[in-house]
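As structure tokens, the structure follows; a few thoughts come after it.
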Amino acid sequence: MTVTNVMKDPDTLTVAITAEFDATIDQAWQLWENPRLLERWWGPPTYPATFGDHALTPGHVVNYFMTGPAGDRAHGWWRITSVDAPRLLEFDDGFADDTGAPNPAMPTMVIRVDLIDREGGGVRMVVRTTFPSHEAMEQVLAMGMDEGMTQAMNQIDDLLTEAAAAG
């Protein structure tokens, strides 16, 4: 099923992307916890991600980059703020320079991931991004954040199908 809704709310400075999967909550959690799985869907199909030191532990900083078709790299970082496995993950999300250091010229967002059991089976994933200002929200949306995240999350069904087939 994958992405079922994209809600942009300038009043609350949020973008919420909802997806539904025929999977268990533990399988959905692994998409975030296992960096090798995360690399296969975080970022649009033409910009696969590579994660370095990855741990979903409050206070931990995760660095990653996405590589474009021409070899260009877009760097980012997360600072994990809250974890209630396998149902909740919160982190600060920002842009980085080529060394992985936060880019102060770009906004830092707060991302909250909720994994919710669906009635009748499966799981709903809600990824809610909160921006620090209207200007920051407009800036990141103009860069295609919502389209890119939708494309990224639409890759998850194939991963879950592959995992189920393996076993």
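Largest first and in whole Å, the equivalent-ellipsoid semi-axes of segment 65-167 read 27, 18, 14, each the square root of five times a Cα gyration tensor eigenvalue. Simple spin-label estimate for Asp114 and Ala166 gives 3.0 nm between the two label positions (7 Å along the Cα-to-Cβ direction from each Cα). Packing around the peptides 44-52, 96-104, taken as the average count of other Cβ atoms within 10 Å per residue, puts them in this order, highest first: 44-52, 96-104. Between the C-alpha center of segment 61-99 and that of segment 12-43 there is a gap of 13 Å. Were the residues from Lys8 through Glu39 laid out at 0.36 nm apart, the gain over their Cα-Cα distance would be 8.6 nm. Across the chain, the mean sequence separation of Cα contacts (distance under 8 Å, 6 or more residues apart), normalised by length, yields a relative contact order of 26 percent.
Taking other Cβ within 10 Å of each residue's Cβ, how do Arg36, Arg118 sort, fewest first? Working shown, then result.
Numbers: Arg36 9, Arg118 14.
Least crowded to most crowded, the residues run Arg36, Arg118.
No lab work stands behind these numbers, since they all come straight from the coordinates. Model, not experiment: these values are computed from the prediction. Here Cβ is always computed from backbone atoms with ideal geometry, including for glycine, and neighbour counts include all displayed protein chains.
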